[in-house]
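What follows is one structure encoded as structure tokens, with my remarks underneath.
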Amino acid sequence: MEQIASYVAPVATTIAAFIVASNLGARITGIGFIIFTIGSVAWTILGYATDQPNLLWQNVGLTGLNLFGIWRWLGWQARIEEGGHAASDDSRKEPTESLFPVSLMTRGKVLSTDGQDVGRCVDAMAGCSNGRIAYLVVAEGGLAGVGESLRRLPWTGCNVEDEQVKAPIPKSQFCSLDRLEPDHWPAR
């Protein structure tokens with residue numbers, strides 16, 4: 001058992017850390033916490049088997065935190081996201097404008113007019129008094145923030161369909177939009 005735990009513990013912990021750090025949504029993050037729990041249980045077994053009380057008790061505590069993470073991301077946050085999706089779906093049946101969860105502005109896929117995937121939303125800037133979206137910040141290329149470029153996509157002409165933002169421009173024009181520095185975005 002000690003030998004199995006000595007392999008499972010570091011592998012599970014490393015995989016879970018990568019998943020959680022990638023911030024790929026509530027369900028994926030929740031799965032990361034399940035894997036973290038497997039790792040912390042394996043570390044607990046290893047601490048017990050090798051008579052290392054600090055390792056044992058630290059990971060008993062981490063197992064509790066990981067169980068909280070599972071509840072937080074697969075329970076609570078997933079329910080919040082389902083509430084937003086349900087309201088969005090229900091709004092399509094109403095005679096007024098359809099709604100979408102604004103959290104989509106931090107994760108939604110962005111498609112060009114020619115249907116090509118040009119990136120994903122990472123944030124948006126909106127007016128303080130009227131709430132209107134001025135522009136989206138779209139990440140393209142790279143993986144989980146490494147090697148990504150940020151571009152400013154004006155909201156004018158954009159719309160949301162099926163959890164995706166439809167940009168009013170073709171991919172070639174999107175690629176010519178100004179790049180943003182991660183820590184310096186325009187005021188307008």
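The values are calculated or read from the model by the stated rules, or taken from the named source; none is laboratory data. Model, not experiment: these values are computed from the prediction. We place every Cβ from the backbone using ideal geometry, glycine too, and count neighbours over all the protein chains shown.
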Check: What number goes with the only condition from (1) touching a residue at least 40 places away in the same chain (Cβ under 8 Å); (2) over 27 Å from D90 (Cβ atoms); (3) loosely packed, with under 15 Cβ neighbours inside 10 Å that E163 does not pass?
Finding: (2)
Next item on the list: Assess whether S103 counts as being hydroxyl-bearing (S, T, Y), at pLDDT below 90, within 15 Å of the chain's Cα centre (by Cα) and surrounded by fewer than 17 Cβ atoms within 10 Å (Cβ to Cβ).
Entry: yes
Notebook entry, point to check: When the residues of the range 23-75 are filtered to those that are in contact with an Asp or Glu (Cβ under 9 Å, 6 or more places away or on another chain) and not in a helix (DSSP H, G or I), which remaining residue is surrounded by the fewest Cβ atoms within 10 Å (Cβ to Cβ)?
Noted result: T50
Next item on the list: Collect the residues in the range 99-114 that are without any contact (Cβ under 8 Å) to a residue 60 or more places away in the chain and of a type in the set (S, T, N, Q), keeping them in residue-number order.
Entry: S103, T106, T113
Note to self: Can you find, within the range 60-100, the residue that is farthest from the chain's Cα centre (by Cα) among those that are of a type in the set (F, W, Y) and within 17 Å of T29 (Cβ to Cβ)?
What the structure shows: F68
